[in-house]
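Visitor: Structure below; questions to follow.
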Amino acid sequence: MAWVVDTSILLDIRQNDPQFGPAAAECLVRYLPEGLVLCPVTYIELAPEFAGDSALQEEFFRRVGVQWFEPWIRQDTERAFHLWADHVAKKRSGHAGKRPVADVFIEAFAQRFQGLITRNTKHFSTVELVIP
């Protein structure tokens, strides 16, 4: 079963980050045989990195071995709905801080797969995480 690749991992590789880039690239190579997929939200989040050039972005995905065309389905929406409701309830009771809604979508999407490859672990609690 495939792994979902978080935005941070792809940015580390794309920007050739000296601290995180090599480990991120090695991690994707290690998990490539199981399959690497992208949440549609990550596709959107990465648009500025490629100056809105989808052809350039998709070529990058091909080079790193990430499938970017996995569809968002109703089940993802239902899971995101519950994750966001739970987060807001915890935040209102003082038991949670800020959380980008994009991370809620990515986590909900990742629940359908093996888990999530990320280095931003604080916002993801319902999926198995791989940290490069």
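The values are calculated or read from the model by the stated rules, or taken from the named source; none is laboratory data. Note that the coordinates shown come from a computational prediction; the quantities given were computed from them, not determined experimentally. All Cβ positions, even for glycine, are placed from backbone atoms using ideal geometry, and neighbour counts span all protein chains on display.
Visitor: Quick test for you: out of 47, 51, 102, pick the one residue that is at pLDDT below 95, under 22 Å from residue 11 (Cβ atoms) and small (Gly, Ala, Ser). Before the answer, list the steps.
Guide: Numbers: 47 fails: at pLDDT below 95; 51 fails: at pLDDT below 95.
Selected residue: 102, the only one of 47, 51, 102 that is at pLDDT below 95, under 22 Å from residue 11 (Cβ atoms) and small (Gly, Ala, Ser).
Visitor: Out of 111, 19, 67, I need the residue that is farther than 21 Å from residue 125 by Cα, of a type outside the set (Asp, Glu), modelled with pLDDT of 95 or more and under 13 Å from the mean Cα position of the chain (by Cα). Which one? It would help to see each step written out before you state the result.
Guide: Details: 111 fails: farther than 21 Å from residue 125 by Cα; 19 fails: under 13 Å from the mean Cα position of the chain (by Cα).
67 is the lone residue from the list that is farther than 21 Å from residue 125 by Cα, of a type outside the set (Asp, Glu), modelled with pLDDT of 95 or more and under 13 Å from the mean Cα position of the chain (by Cα).
Visitor: Which of the residues belonging to region 80-125 are among the polar types (S, T, N, Q) and either in contact (Cβ under 8 Å) with a residue 24 or more places away in the chain or in contact with a strand residue (DSSP E or B) (Cβ under 9 Å, 6 or more places away or on another chain) (or both)? Quick ask: steps written out before the conclusion?
Guide: Taking region 80-125 as the starting set, the residues that turn out to be among the polar types (S, T, N, Q) are 93, 111, 114, 118, 120-121, 125.
Result: 111, 114, 118, 120, 121.
Visitor: Find the residue count for region 77-116, including only residues that are closer than 17 Å to residue 6 by Cβ and in a loop (DSSP other than H, G, I, E, B).
Guide: Filtering region 77-116 for residues closer than 17 Å to residue 6 by Cβ gives 79-80, 83, 99-116.
Still in the list and also in a loop (DSSP other than H, G, I, E, B): 99-100, 111-115.
Total satisfying the criteria: 7.
Visitor: If I filter region 117-128 for residues that are of a type in the set (A, V, I, L, M, F, W, C), touching a helix residue (DSSP H, G or I) at 6+ places or on another chain (Cβ under 7 Å) and part of a loop (DSSP other than H, G, I, E, B), do I get at least one hit? Can you show your working first?
Guide: Start the filter on region 117-128 by keeping residues that are of a type in the set (A, V, I, L, M, F, W, C), which leaves 117, 124, 127.
Now restrict to residues that are touching a helix residue (DSSP H, G or I) at 6+ places or on another chain (Cβ under 7 Å): 117, 124, 127.
Next, from what is left, pick out any that are part of a loop (DSSP other than H, G, I, E, B): 124, 127.
Yes, region 117-128 contains a residue that is of a type in the set (A, V, I, L, M, F, W, C), touching a helix residue (DSSP H, G or I) at 6+ places or on another chain (Cβ under 7 Å) and part of a loop (DSSP other than H, G, I, E, B).
Visitor: Could you identify the single residue in 44, 9, 13 that is under 12 Å from the mean Cα position of the chain (by Cα), β-branched (Val, Ile, Thr) and farther than 17 Å from residue 114 by Cα?
Guide: On the way: 9 fails: farther than 17 Å from residue 114 by Cα; 13 fails: under 12 Å from the mean Cα position of the chain (by Cα).
Among 44, 9, 13, only 44 is under 12 Å from the mean Cα position of the chain (by Cα), β-branched (Val, Ile, Thr) and farther than 17 Å from residue 114 by Cα.
Visitor: If you don't mind, there's one more thing I want to ask. Which of the residues that make up region 19-54 are of a type in the set (A, V, I, L, M, F, W, C) and more than 22 Å from residue 80 (Cβ to Cβ)? Can you show your working first?
Guide: First, pick out the residues of region 19-54 that are of a type in the set (A, V, I, L, M, F, W, C): 20, 23-25, 27-29, 32, 36-39, 41, 44, 46-47, 50-51.
Result: 20, 23, 24, 25, 27, 28, 29, 32, 50, 51.
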